[in-house]
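The values are calculated or read from the model by the stated rules, or taken from the named source; none is laboratory data. What you see is a predicted model, and the numbers here were worked out from it, not measured in a lab. All Cβ positions, even for glycine, are placed from backbone atoms using ideal geometry, and neighbour counts span all protein chains on display. These accessible areas exclude ligands, DNA and RNA; they are computed on the full protein's heavy atoms, side chains included. Shrake-Rupley method; radii C 1.70, N 1.55, O 1.52, S 1.80 Å.
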Amino acid sequence: MRAALAMMTRSATSVSATPPTRTSRHASSRIPSRVVRASASAPTTLVTPSGARLASRPDPTPDHKAFREAVLRSLPTGNLVYVPGGVAQTRNGIEGNARFRQEPNFLYLTGITEPGYHALFGCGADAPYVLIAPRLPKDMDVWCGAQPTCDELRKTYGADIAYYDDEWDKALHAVEALEDQTVFVPMHQKEGEEAYPARLPKDRDGLFAGLNPETTLLTKTLAKHRAIKSADEVDCLRLANQISGDAHVAAWMHCAANAGDVFEYEIEAIFAAETARHGLRHLGYPTIAGSGRNAATLHYEKNDARCFADDLVLVDAGAEFKGYTADITRTFPSGGKFEARRAAIYEAVLDVQNSSIKEMTPNTQYRLGQELAKKSTA
């Protein structure tokens, strides 16, 4: 997640509302047109009607139907597949809902972003995709809006059949479940803990108890398929990085406009606001905005210190689009200009990064770039 000290894609001279003119040999290659465009067009962009701008943007959409069909074709026929979605979480285990983010494998197979859903598949050419939705009490309609019908769910999410989670008997009948039949389930793993298999639901008739869960093949198959991105997935990553990159620039400009005298949480807020303004409401991970000594703490997330003009500020932040996240770390001078020694170090690291990027061509081992960077900085 972290870059070595400072890896911006522009020259280590200054950060200001107007991109600086550079006379060195790196001038043409180190100030990307994106950065110039973001800075030059900032006033115009801010007054552009957001609704019209976002509605007309041709956003990419991953083909979840193609994903699940490819995964199911890779599994032995005559079996079942059960994949649970994520469940809603509270902020502190007691009260208030946290913003929900879907379990990645479930999102990959279904495209559903709401909590409490399940997917049940048969393995075979004509096997159905059965979607199971949470059934909410009717009085929750006042608080959460009307619950979609099974037919609406089926049409919206491309399922062959849809039921609620008190109708597991119907769902198992739809996939023609048999006693002792193998059901492939994914493994889940929380950070710092051992992996564990997804638990089968407890249906009222005990039908799931008669199935034989297999806990390794589905996880390996999903990992293999997700590792190779489709063109639409690449476009989702590109959009997430484009908007996240522009949000980083907006944070630099905010610091420079205030002569470096800002709080770290202002930088965090500028980044989040800029990405949300472009339709990316979720961040891929908590933002790190560390100034001065705080930048040396690898996962610093307090973001509550005051920045000063002579501080370097490290920002590690990325927004996500439809589950595909950017991950960008940059270091910049809070006051808008590097002093000479820091600029020299910055330029050296930038040279290493650019050299490594040039080596990352198709059919090249991913670790080669890391090894080259290590050798160059030794």
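Remarks
- Output for segment 298-348, where each listed residue is without any contact (Cβ under 8 Å) to a residue 40 or more places away in the chain and among the charged types (D, E, K, R): GLU301, LYS302, GLU339, ARG341
- Flag for VAL175 being touching a residue at least 40 places away in the same chain (Cβ under 8 Å), touching a helix residue (DSSP H, G or I) at 6+ places or on another chain (Cβ under 7 Å) and surrounded by 13 or more Cβ atoms within 10 Å (Cβ to Cβ): no
- Residue list for segment 111-146, restricted to those being over 24 Å from GLU233 (Cβ atoms), open to solvent by less than 60 Å² (accessible area, probe 1.4 Å) and β-branched (Val, Ile, Thr): VAL130, ILE132
- Here the condition is being modelled with pLDDT under 80, of a type in the set (Lys, Arg) and part of a loop (DSSP other than H, G, I, E, B); of ARG37, ARG22, ARG101, it holds for ARG22 alone.
- Selection from segment 340-378 of residues that are open to solvent by 60 Å² or more (accessible area, probe 1.4 Å), part of a loop (DSSP other than H, G, I, E, B) and among the β-branched types (Val, Ile, Thr): THR361
- Considering residues of segment 284-302 that are over 26 Å from ARG341 (Cα atoms) and in contact with an Asp or Glu (Cβ under 7 Å, 6 or more places away or on another chain) only, the residue least open to solvent (accessible area, probe 1.4 Å): THR287
- The lone exception for ASN303 - which of (1) under 30 Å from SER50 (Cβ atoms); (2) in a helix (DSSP H, G or I); (3) more than 14 Å from the chain's Cα centre (by Cα) it fails: (2)
- In segment 249-266, residue nearest to CYS307 (Cα to Cα) [restricted to those that are in a loop (DSSP other than H, G, I, E, B) and of a type in the set (A, V, I, L, M, F, W, C)]: VAL262
- Options ASP246, ASP232; residue that is open to solvent by 20 Å² or more (accessible area, probe 1.4 Å), within 25 Å of THR110 (Cβ to Cβ), in a helix (DSSP H, G or I) and in contact (Cβ under 8 Å) with a residue 12 or more places away in the chain: ASP232
- The selection criterion, being surrounded by fewer than 18 Cβ atoms within 10 Å (Cβ to Cβ), over 23 Å from the mean Cα position of the chain (by Cα) and modelled with pLDDT of 95 or more, holds for LEU217.
- Number of residues in segment 61-76 that are farther than 24 Å from ARG154 by Cβ and not small (Gly, Ala, Ser) equals 1.
- A search for C-beta distances below 8 Å between a residue of segment 42-59 that is within 22 Å of ALA251 (Cβ to Cβ) and any residue that is modelled with pLDDT of 85 or more, counting only pairs 6+ apart in sequence or on different chains, returns ALA42/ALA250; ALA42/MET253; SER50/ARG277; LEU54/HIS278; LEU54/GLY279.
- THR149 vs. criteria among the β-branched types (Val, Ile, Thr), surrounded by fewer than 19 Cβ atoms within 10 Å (Cβ to Cβ) and under 18 Å from ARG199 (Cβ atoms): no
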